[in-house]
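Here's the structure we're looking at; comments come further down.
Computed from the coordinates by the stated procedures, all read-outs in this text should not be read as laboratory data. Since this is a predicted model, take the numbers as computed values, not measurements. All Cβ positions, glycine included, derive from the backbone under ideal geometry; neighbour counts span all protein chains shown.
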Amino acid sequence: MGILNDNSMFIKVETYKESLATIDLIKSKIEDAKKSMKKVAELKKEEEVEMNLWRKMLGDVEHKLQKIDQTLIQAGHR
């Protein structure tokens, strides 16, 4: 016969199985959340690349407009 100590705990097999199933479900949800976070991070990087491209294009347009403006001002003073 075994000796039981104060740390012994008894639970129904069905409760144990439900607990394991719940733990598996939580693990699955954590993995889903990690995948979602990774996807968001990837989208954020893509967005930053796109925003940098737009900034450059806007700067180019602004620079060209300034040149046109200067050319017109100079032509008007002749």
- prompt: Out of (1) surrounded by 10 or more Cβ atoms within 10 Å (Cβ to Cβ); (2) not acidic (Asp, Glu); (3) not in a helix (DSSP H, G or I), the odd one out for LYS39 is which?
  reply: (3)
message: Condition (residue is surrounded by 10 or more Cβ atoms within 10 Å (Cβ to Cβ), part of a helix (DSSP H, G or I), of a type in the set (A, V, I, L, M, F, W, C) and under 31 Å from the mean Cα position of the chain (by Cα)) applied to the stretch 58-73: is it met by at least one residue?
response: yes
